[in-house]
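Colleague: Below are the structure tokens for one structure; questions will follow.
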Ligand code: PAF
């Protein structure tokens, strides 16, 4: 595996791959890699001749009081994992090369970026779309891979790619879970034992709500209250940012059933913010 740190060099390498007719699969990450990331890498390896993974903890997507400084970093462990997965290139830029002095350009997908997590993390998605657009311009991927756990991110990135005519396939891959259902996330490492146990309520709530909708026990207009009641059983939850059922494209909260809906939760256990979601396709499931 080659490690490239300079954007210009990565760009030249990618141009050369494309000239030689090679497809490039790209997995953008912030490191602290877990099996969720590695599932994206595996999918990219299956579908492309070249796989590039980036690791960059992007300061532009963290708010002032968020966890940028303590975000888990494990370059040595990550490198080993990527070598094992036969990744071709690890792109490892630093903040100075991505945001040099005088940097002024940002990309914002309006409306979608203010919903759900965006309402609680102002500027977060502006930071995500800016870095992802820059990475796309540098790596020039044929396909880019994102996890469904960050569902809103994948909707916003897909919208950005469409609106800006970026010639790329955005591939959204299933959430990878621990044995007890907790969605894998680099932030799970912040949880102590009791908090880690408490966090299992998120998946339980999604599953129970999904089953109750499918069996007709609850109506869509009552989903939010059902979820909030369910989550209120866990005393270690310090705050619920949102819980409810949403349209998969507009991210609007729903009060009546649609074909494609998503249950989504964002909450805090102690200071740790956790998110998860579950797609519901009424047609298939009823
Ligand atoms: O999902 C993430 O890890 C980040 O938001 C991403 C896509 C790598 C952009 O920094």
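Colleague: How far apart, in nm, are two points set 7 Å out from the Cα along the Cα-to-Cβ line at residue 214 and at residue 18?
Modeller: 4.2
Colleague: Any idea how far the Cα center of the stretch 254-273 sits from the one of the stretch 47-110, in Å?
Modeller: Here the two parts' Cα centres lie 27 Å apart.
Colleague: Please compute the Kirkwood hydrodynamic radius of the stretch 182-238 from all pairs of different C-alpha atoms, in Å with one decimal.
Modeller: It works out to 12.4 Å.
Colleague: Using Cα-Cα distances under 8 Å and only pairs 6 or more residues apart, what relative contact order does the stretch 64-136 have, in percent?
Modeller: 23
Colleague: Now, a different point. Pairs of Cα atoms under 8 Å, at least six residues apart: use those to get the relative contact order of the stretch 11-60, whole percent.
Modeller: After rounding, I find 44 percent.
Colleague: Which of 273, 5 comes first, and how do the rest follow, when ranked by fewest Cβ neighbours within 10 Å?
Modeller: 5, 273
Colleague: Return a whole-number percent for the relative contact order of the stretch 37-160, with Cα pairs under 8 Å and 6 or more residues apart as the contact set.
Modeller: 33
Colleague: What is the stretch 91-242 by shape, rounded, prolate or oblate, if you read a ≥ b ≥ c off the alpha carbon gyration tensor as root eigenvalues and call it rounded for a/c under 1.5, prolate for a/b larger than b/c, and oblate otherwise?
Modeller: prolate
Colleague: Return the Rg/Rh value of the stretch 1-143, two decimal places, where both radii are evaluated on C-alpha atoms and Rh is the Kirkwood radius.
Modeller: Radius of gyration over Kirkwood radius for the stretch 1-143 works out to 0.97.
Colleague: Taking only the alpha-carbon atoms of the stretch 6-81, what semi-axes of the equivalent ellipsoid follow from 5 times the gyration tensor eigenvalues under a square root, in whole Å, largest first?
Modeller: Values for the stretch 6-81, descending: 26, 16, 10 Å.
Colleague: Next question. Would you mind putting 10-16, 156-162, 71-77 in packing order, based on average other-beta-carbon counts within 10 Å, highest first?
Modeller: 156-162, 10-16, 71-77
Colleague: While we're here: Give the percent of DSSP beta bridges with both residues in the chain that are antiparallel, rounded to the nearest 5.
Modeller: If I count the DSSP bridges inside the chain, around 50 percent turn out antiparallel.
Colleague: Using only helices, what value at 222 nm comes out for the chain when you add -39,500 (n - 2.57) per DSSP H run of length 4 or more and divide by the total residues, to the nearest 500 deg cm²/dmol? Don't jump to the answer; show the numbers that get you there.
Modeller: Working: 11 runs with 106 residues, N = 286.
Estimated from H runs of four or more residues: -10500 deg cm²/dmol.
Colleague: At q = 0.20, 0.21 Å⁻¹, what is the log10 ratio I(q)/I(0) for the stretch 120-203, with the Debye formula run over Cα points and no solvent?
Modeller: The Debye formula, applied to the Cα set alone, gives -0.96, -1.01.
Colleague: Sticking with this one: Could you work out Rg/(2.2 N^0.38 Å) for the stretch 192-286, with Rg from alpha carbons only?
Modeller: Expressed relative to 2.2 N^0.38 Å, the Cα Rg reads 1.07.
Colleague: Would you mind computing the Rg to Rh ratio of the chain from its alpha-carbon coordinates, Kirkwood style for Rh?
Modeller: Computed over Cα atoms, the ratio is 0.97.
Colleague: Would you kindly give the portion of the calculated P(r) for the stretch 80-132 that falls above 18 Å, as a percent of all Cα pairs? Can you show the working numbers first?
Modeller: Numbers: 721 of 1378 pairs.
Value for the stretch 80-132: 52 percent of Cα pairs lie more than 18 Å apart.
Colleague: OK, next. Please give, to one decimal in nm, the separation of the simple spin-label points placed at residue 169 and residue 233, each 7 Å out from Cα toward the Cβ.
Modeller: 4.2
Colleague: Round to a whole angstrom and tell me the spacing of the C-alpha centers of the stretch 218-252 and the stretch 142-188.
Modeller: Going from one Cα centre to the other spans 21 Å.
A short reminder: the numbers here are calculations on the coordinates, not readings from a lab. All values reported here derive from a predicted model rather than from experimental measurement. Here the Cβ is made from the backbone with ideal geometry for all residues, glycine too, and neighbour counts use every protein chain on show.
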